[in-house]
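In what follows, a structure is listed as structure tokens, so that the remarks can point back to it.
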Amino acid sequence: MSYIQQSKSSALYVYIYDSLEKEATGEAGKWWLHNSLLKLQLSLKEKFNINLIVIEGEADPTIKGLIKKYNINEVIWNRLYSQKSINRDSVIKKSLQENNINVQTFNGHLLNEPWEVQNNSGQYFKVFTPYWRRAYEVYQSKKYQVKNISDIKSLKHQEKSKWNFLPQKKWYLKFEDHWEPGEDAALSKLKKYINEDIDHYKEGRDRPDLDKTSKLSPHLRFGEISPHKIVQQIVKSKKQNTSVTTFLSEIGWREFSYSLLYYSKDLASIPINEKFIKFPWRKNEKDLQLWKNAQTGIPLIDAAMRQIYERGWMHNRLRMVVGSFLVKNLLLNWTLGEKYFHETLLDYDEASNAAGWQWIAGCGADAAPYFRVFNPILQSERFDPDAKFILKYIPQLQELKKPSLIFQPHLEKNFLQGLVQQKQYFLPIVDLKDSRNRALDAYQKIKS
């Protein structure tokens with residue numbers, strides 16, 4: 001929009017929901033997209049008297065149809081970074097240029113383009129810490145400033161935009177109690193977080209029983225706020241401490257994930273460490289469904305999986321714990337978890353989600369070693385010491401009173417058996433020690 005404002009030209013403002021957009025947006029994300037577009041439509045109308053055009057259809061014929069109908073001579077868009085998106089956009093760009101249509105593309109999604117951050121050998125980084133050190137240097141050298149949009153003009157058009165991207169199942173109604181899509185909500189949330197909570201991020205980010213994370217991830221995912229804006233406002237606050245540094249590094253992890261997405265064949269399905277292509281994963285639909293349905297009998301796992309169903313979001317520490325449980329204790333392929341998060345997370349991001357699952361599984365760039373298994377009992381003791389988070393989602397365990405028993409209700413056999421008979425809770429589906437050893441044995445088969 002800065003480019004349009006500078007050019008002083010009138011333009012059509014269009015969102016195209018094509019097959020690639022559908023593929024990248026899960027069931028939960030459709031709720032956010034639907035409402036985000038409503039907010040954008042209202043904002044553009046109120047601020048600039050612009051009527052947003054929303055079209056469901058393939059991008060190439062849609063764009064060419066609008067060009068012909070309104071005598072357009074230039075098309076601009078913000079770049080995307082998956083191979084499928086790059087291929088689609090390259091074909092469209094070439095075709096338009098061959099027909100004397102000027103094409104301009106911009107980076108509106110990242111601090112740096114993936115190709116701008118390379119190691120001393122001119123290759124992309126596969127280790128996060130040196131990547132982020134270099135990436136932040138590159139970003140600072142640009143002295144980038146977020147520009148305010150105050151005067152953009154619209155071409156008059158006759159397009160009527162009506163859309164309904166809401167999922168058929170109305171489980172998304174719960175989201176309305178916890179989330180407000182839109183740019184205004186994102187900016188307000190950022191301001192509040194910097195003022196009140198960012199100084200506690202380093203410790204609070206690992207505690208699901210506390211509310212110390214920014215929850216900006218869905219806003220970032222749908223382009224309602226940019227990483228430029230987040231970094232600019234943090235720098236403007238002049239806060240400098242380890243929590244702020246740690247928070248900025250999480251923006252860095254997102255950037256790192258997009259670098260991996262850009263350079264990978266298919267980050268969501270092909271392990272970066274190709275040894276894992278031959279990993280002996282189990283195939284067990286029953287265990288997968290018990291994991292999805294929060295019926296594993298491991299309280300921290302089940303509470304986390306209930307959180308994702310209630311809120312369309314899961315605390316990052318818990319994403320690692322439930323991921324480790326799936327791929328190591330249950331020995332199920334990490335891509336199954338990636339696909340489930342794709343459908344259930346509001347903030348599902350094709351780069352961050354896939355990179356995160358590869359990290360958990362031990363097959364990604366700078367991944368946790370496969371032999372590192374997150375023990376959900378120890379994780380409960382460290383990060384939910386009073387069982388506050390677990391009891392929020394599994395209140396029937398509160399009669400156990402002691403956190404040590406809430407973390408392991410199977411230690412109180414009679415109590416747990418009563419809950420099982422009443423169908424209020426479940427027996428553990430695996431022994432944590434035995435399943436860990438099974439995973440390590442499986443790893444030995446590909447280690448060499």
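The values are calculated or read from the model by the stated rules, or taken from the named source; none is laboratory data. Since the structure is predicted, the reported quantities are computational estimates derived from the model, not experimental observations. All Cβ positions, even for glycine, are placed from backbone atoms using ideal geometry, and neighbour counts span all protein chains on display.
Residues K283, K328: which one is over 21 Å from E23 (Cβ atoms) and surrounded by fewer than 20 Cβ atoms within 10 Å (Cβ to Cβ)?
Values: K328 fails: surrounded by fewer than 20 Cβ atoms within 10 Å (Cβ to Cβ).
Being over 21 Å from E23 (Cβ atoms) and surrounded by fewer than 20 Cβ atoms within 10 Å (Cβ to Cβ) holds for just one of K283, K328, which is K283.
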Worksheet entry | Matching residues in the stretch 213-238 - criterion: being without any contact (Cβ under 8 Å) to a residue 60 or more places away in the chain and more than 13 Å from L190 (Cβ to Cβ) | K238
Worksheet item: Quick one: K143 ticks every box in (1) on the phi > 0 side of the Ramachandran plot; (2) surrounded by 12 or more Cβ atoms within 10 Å (Cβ to Cβ) bar one, so which box is it?
Response: (2)
Item to complete: Give the residue, chosen from K94, K45, that is over 28 Å from E343 (Cβ atoms) and touching a Leu at 6+ places or on another chain (Cβ under 9 Å).
Response: K45
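Please verify whether the stretch 265-288 includes one or more residues that are within 30 Å of K413 (Cβ to Cβ) and in contact with a helix residue (DSSP H, G or I) (Cβ under 7 Å, 6 or more places away or on another chain). Give the derivation first.
As a first pass, look at the stretch 265-288 and keep what is within 30 Å of K413 (Cβ to Cβ): 282, 284-288.
Add one more test, that the residue is in contact with a helix residue (DSSP H, G or I) (Cβ under 7 Å, 6 or more places away or on another chain), and what stays is 288.
Yes.
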Worksheet item: Any chance the stretch 358-367 includes a residue that's of a type in the set (A, V, I, L, M), farther than 22 Å from R221 by Cβ and without any contact (Cβ under 8 Å) to a residue 24 or more places away in the chain?
Response: no
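Go through the stretch 150-181 and give me each residue that's surrounded by 13 or more Cβ atoms within 10 Å (Cβ to Cβ) and over 28 Å from E310 (Cα atoms). If you could, list the steps in order and put the result at the bottom.
First, pick out the residues of the stretch 150-181 that are surrounded by 13 or more Cβ atoms within 10 Å (Cβ to Cβ): 152-155, 157, 159, 161, 163, 165-167, 171-172, 174-175, 179-181.
Within the stretch 150-181, I152, K153, S154, L155, H157, E159, S161 meet the criteria.
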Worksheet item: Could you list, in sequence order, the residues of the stretch 187-199 that are surrounded by 16 or more Cβ atoms within 10 Å (Cβ to Cβ), without any contact (Cβ under 8 Å) to a residue 24 or more places away in the chain and of a type in the set (D, E, K, R)?
Response: D197
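Report yes if Y425 is part of a helix (DSSP H, G or I), under 23 Å from L332 (Cβ atoms) and either within 31 Å of the chain's Cα centre (by Cα) or modelled with pLDDT under 95 (or both), otherwise no. It would help to see each step written out before you state the result.
Values: part of a helix (DSSP H, G or I): no; under 23 Å from L332 (Cβ atoms): yes; either within 31 Å of the chain's Cα centre (by Cα) or modelled with pLDDT under 95 (or both): yes.
For Y425, the condition - part of a helix (DSSP H, G or I), under 23 Å from L332 (Cβ atoms) and either within 31 Å of the chain's Cα centre (by Cα) or modelled with pLDDT under 95 (or both) - is not met.
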Worksheet item: Residues in the stretch 4-22 that are within 20 Å of E224 (Cα to Cα) and within 28 Å of the chain's Cα centre (by Cα): how many?
Response: 9
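Sort through I67, I50, I92, I76 and tell me the only one that's free of Cβ contacts under 8 Å to residues at least 60 places away in the same chain and touching a helix residue (DSSP H, G or I) at 6+ places or on another chain (Cβ under 7 Å). Outline the logic, then answer.
Values: I67 fails: touching a helix residue (DSSP H, G or I) at 6+ places or on another chain (Cβ under 7 Å); I50 fails: free of Cβ contacts under 8 Å to residues at least 60 places away in the same chain; I76 fails: free of Cβ contacts under 8 Å to residues at least 60 places away in the same chain.
So the residue among I67, I50, I92, I76 that is free of Cβ contacts under 8 Å to residues at least 60 places away in the same chain and touching a helix residue (DSSP H, G or I) at 6+ places or on another chain (Cβ under 7 Å) is I92.
When you check K392 against the structure, is it at negative phi and among the basic types (K, R), yes or no? Working first, answer last.
Details: at negative phi: yes; among the basic types (K, R): yes.
For K392, the condition - at negative phi and among the basic types (K, R) - is met.
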Discussion item. Quick check on D184: is it farther than 30 Å from K84 by Cα and crowded, with 16+ Cβ neighbours inside 10 Å?
Written reply: no
Worksheet entry | Considering residues of the stretch 148-198 that are among the hydroxyl-bearing types (S, T, Y) and part of a loop (DSSP other than H, G, I, E, B) only, the residue farthest from S226 (Cα to Cα) | S161
Worksheet item: Filtering the stretch 221-254 down to residues that are charged (D, E, K, R) and out of contact with any Lys or Arg (no Cβ under 9 Å at 6 or more places or on another chain), which residue is nearest to H200 (Cα to Cα)?
Response: K239
Worksheet entry | Residue within the stretch 427-448 that is closer than 26 Å to P218 by Cβ and either assigned by TED's automatic domain parsing to the domain that holds L20 or surrounded by fewer than 18 Cβ atoms within 10 Å (Cβ to Cβ) (or both) present | no
Discussion item. I'm told T335 meets every condition in (1) within 30 Å of L110 (Cα to Cα); (2) part of a loop (DSSP other than H, G, I, E, B) except one. Can you identify the failing condition by its number?
Written reply: (2)
Practice prompt. Go over the candidates I50, I86, I76 one by one and state the one that is among the hydrophobic types (A, V, I, L, M, F, W, C) and over 29 Å from the mean Cα position of the chain (by Cα).
Written response: I50
Discussion item. Considering only residues that are under 17 Å from the mean Cα position of the chain (by Cα) and part of a helix (DSSP H, G or I), which ones fall in the stretch 203-232?
Written reply: S217, P218, H219, L220, R221, P227, I230
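For the stretch 254-280, name all the residues that are in a helix (DSSP H, G or I) and surrounded by fewer than 18 Cβ atoms within 10 Å (Cβ to Cβ). Even if it seems obvious, please write down each step before you answer.
First, the residues of the stretch 254-280 that are in a helix (DSSP H, G or I): 254-263, 274-278.
Those that are in a helix (DSSP H, G or I) and surrounded by fewer than 18 Cβ atoms within 10 Å (Cβ to Cβ): E274, K275, I277, K278.
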Worksheet, complete the sentence: Apart from one, (1) under 30 Å from K47 (Cβ atoms); (2) touching a Pro at 6+ places or on another chain (Cβ under 9 Å) all hold for Y124; the odd one out is (1)
Response to the item:
Of the residues in the stretch 80-121 that are acidic (D, E) and surrounded by 12 or more Cβ atoms within 10 Å (Cβ to Cβ), the one that is farthest from K142 (Cα to Cα) is D89
Discussion item. Looking at N87, N71, N78, can you tell me which residue is touching a Phe, Trp or Tyr at 6+ places or on another chain (Cβ under 9 Å) and either over 23 Å from E350 (Cα atoms) or not charged (D, E, K, R) (or both)?
Written reply: N78
Worksheet item: Taking only pairs six or more apart or across chains, which ones have beta-carbon atoms under 6 Å, a first residue in the stretch 155-175 that is over 20 Å from Q41 (Cα atoms), and a second residue that is among the small types (G, A, S) and surrounded by 10 or more Cβ atoms within 10 Å (Cβ to Cβ)?
Response: F175/G312
Fill in: Qualifying residues in the stretch 122-140 (those that are part of a helix (DSSP H, G or I) and among the β-branched types (V, I, T)) - the one surrounded by the most Cβ atoms within 10 Å (Cβ to Cβ)
V138
